[in-house]
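Step one of this worksheet: look at the structure below.
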Amino acid sequence: MRILLIAGGTSGEHEVSISSAKGVLAAMPHPTELALLAKDGRWLLGKEAQEALDAGGAPEGLHPFPPPVDWHSYDAIFPLMHGRPGEDGTLQGFLEVLGVPYVGAGVAASAVCMDKDLCKRVLQQAGIPVVPWQTLYQGEPALEPPFTPPYFIKPANTGSSVGISKVKADQDARKALAEAFVWDRKVLIEQGIEGVRELEVALLGNIQAEASVVGEITYRSEFYDYDTKYLEGRAQLHIPAPIAPELATTLQATAIRAYRILGVRGMARVDFFLAPDHTLYLNEFNTIPGFTPTSMYPKLWQASNLPYPKLLDRLVRLALE
């Protein structure tokens, strides 16, 4: 099979996508070519794309959209752009119009899962517990959050903790709101829960998913921010998580149920909070999880007896299916 990997993007997760692409290209068992979307919205192909990948980013592209690609010469497209416009349904819609198979969730599921506010509303309606939140659009007067500090202010449509701030009792929320609105026109004000454990499950399949073992992330920083996620040594991954088998089963079943409700296909990483009072919250749904050397998604499958190359092969075959 012949695969086209699309990476980069115009979001704040451009560098993360580049790192993910390096990991996938090194492990993909099928011939794979690369297309990179630069931060300025232009495309790099072939030699230029590889040079940008080696440099760790694509500051300026060479080709206007769409790139001069024979899309139908590929068996499948592998979108690996984290954040907008690669993870929110925009790229998926373009590929749907072209009529080419692609890895991962479709237009609607991508859009809903990318928007933290919409995703919470769907999950809450289905009876799946989510952390309490309030939504604020740019230009609206900021209301006093109905939560006891600390609370989090986050853009609705970013990943990798980009634009997220933790607001404590003695802090003014205006700076955190301004930072969040740099990245999105809609933000969430979300209740902070002290002492939570962060647990994650990887899913694989089309609508009917199978779940990996459960993993746990621990760290010493204030919260699981961008630097903690991607700087080596800042966070520790515990696979499998040191939890009771019954809790692991509950996490896996809840993740699989949410996957079907949201209509996700291909893959997802589901993030949970376990509060000190043992309440379980589904925190986020990631339809294009990280594939960097430190990313939880491939590590969870490796611990579930599915090595990285076989995982990538499964994802391509799910796209064709």
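For the range 152-187, filtered to residues that are closer than 15 Å to Asp115 by Cβ and among the small types (Gly, Ala, Ser), the residue that is surrounded by the fewest Cβ atoms within 10 Å (Cβ to Cβ) is Gly163.
Among the residues of the range 297-317, just one is open to solvent by 10 Å² or more (accessible area, probe 1.4 Å), of a type in the set (A, V, I, L, M) and in a helix (DSSP H, G or I), namely Ala303.
Taking Thr294 as the residue in question, decide whether it is farther than 17 Å from Gln124 by Cα, buried (at least 22 other Cβ atoms within 10 Å of the Cβ) and among the polar types (S, T, N, Q).
Considered against the rule, which asks whether it is farther than 17 Å from Gln124 by Cα, buried (at least 22 other Cβ atoms within 10 Å of the Cβ) and among the polar types (S, T, N, Q), Thr294 comes out as no.
Based on this model, can you work out whether Thr135 counts as part of a strand (DSSP E or B) and touching a helix residue (DSSP H, G or I) at 6+ places or on another chain (Cβ under 7 Å)? Criteria met by Thr135. State all residues of the range 60-82 that are open to solvent by less than 40 Å² (accessible area, probe 1.4 Å) and either modelled with pLDDT of 95 or more or assigned to a strand (DSSP E or B) (or both); if no residue qualifies, say none. Matches in the range 60-82: Tyr74, Ala76, Ile77, Phe78, Pro79, Leu80.
Within the range 83-109, the set of residues being out of contact with any strand residue (DSSP E or B) (no Cβ under 9 Å at 6 or more places or on another chain) and part of a helix (DSSP H, G or I) comprises Thr90, Gly93, Phe94, Val97, Val107, Ala108. Annotation: Trp43 fulfils all but one of (1) over 15 Å from Gly86 (Cα atoms); (2) at pLDDT 85 or above; the unmet one is (1). None of Glu51, Glu33, Glu13 is in contact with a Ser or Thr (Cβ under 6 Å, 6 or more places away or on another chain) and of a type in the set (Asp, Glu) except Glu13. Between Arg257, Arg265, the distinction of being within 18 Å of the chain's Cα centre (by Cα) and modelled with pLDDT of 95 or more belongs to Arg265 only.
Would you confirm whether or not the range 112-128 contains a residue that is surrounded by fewer than 17 Cβ atoms within 10 Å (Cβ to Cβ) and assigned to a loop (DSSP other than H, G, I, E, B)? Within the range 112-128, one or more residues are surrounded by fewer than 17 Cβ atoms within 10 Å (Cβ to Cβ) and assigned to a loop (DSSP other than H, G, I, E, B).
Residues in the range 138-153 that are under 20 Å from Asp170 (Cβ atoms) and either assigned to a strand (DSSP E or B) or within 26 Å of the chain's Cα centre (by Cα) (or both): Pro150, Tyr151, Phe152, Ile153. Residue check: Val270 meets all listed conditions (1) farther than 25 Å from Val122 by Cβ; (2) in contact (Cβ under 8 Å) with a residue 40 or more places away in the chain but one, namely (1). Cβ separations smaller than 9 Å between residues 6+ apart or across chains give the following pairs from the range 199-218 residues that are at negative phi and free of Cβ contacts under 8 Å to residues at least 24 places away in the same chain to residues that are part of a strand (DSSP E or B) and open to solvent by 10 Å² or more (accessible area, probe 1.4 Å): Thr218/Arg197; Thr218/Glu198; Thr218/Ala235; Thr218/Gln236; Thr218/Leu237; Thr218/His238.
For the range 35-56, a residue qualifies if it is open to solvent by 20 Å² or more (accessible area, probe 1.4 Å) and not acidic (Asp, Glu), and the qualifying residues are Lys39, Gly41, Arg42, Leu45, Gly46, Lys47, Gln50, Ala55, Gly56.
The values are calculated or read from the model by the stated rules, or taken from the named source; none is laboratory data. Model, not experiment: these values are computed from the prediction. Here the Cβ is made from the backbone with ideal geometry for all residues, glycine too, and neighbour counts use every protein chain on show. Areas reflect the complete protein model, heavy atoms only, side chains present, ligands, DNA and RNA absent. Shrake-Rupley method; radii C 1.70, N 1.55, O 1.52, S 1.80 Å.
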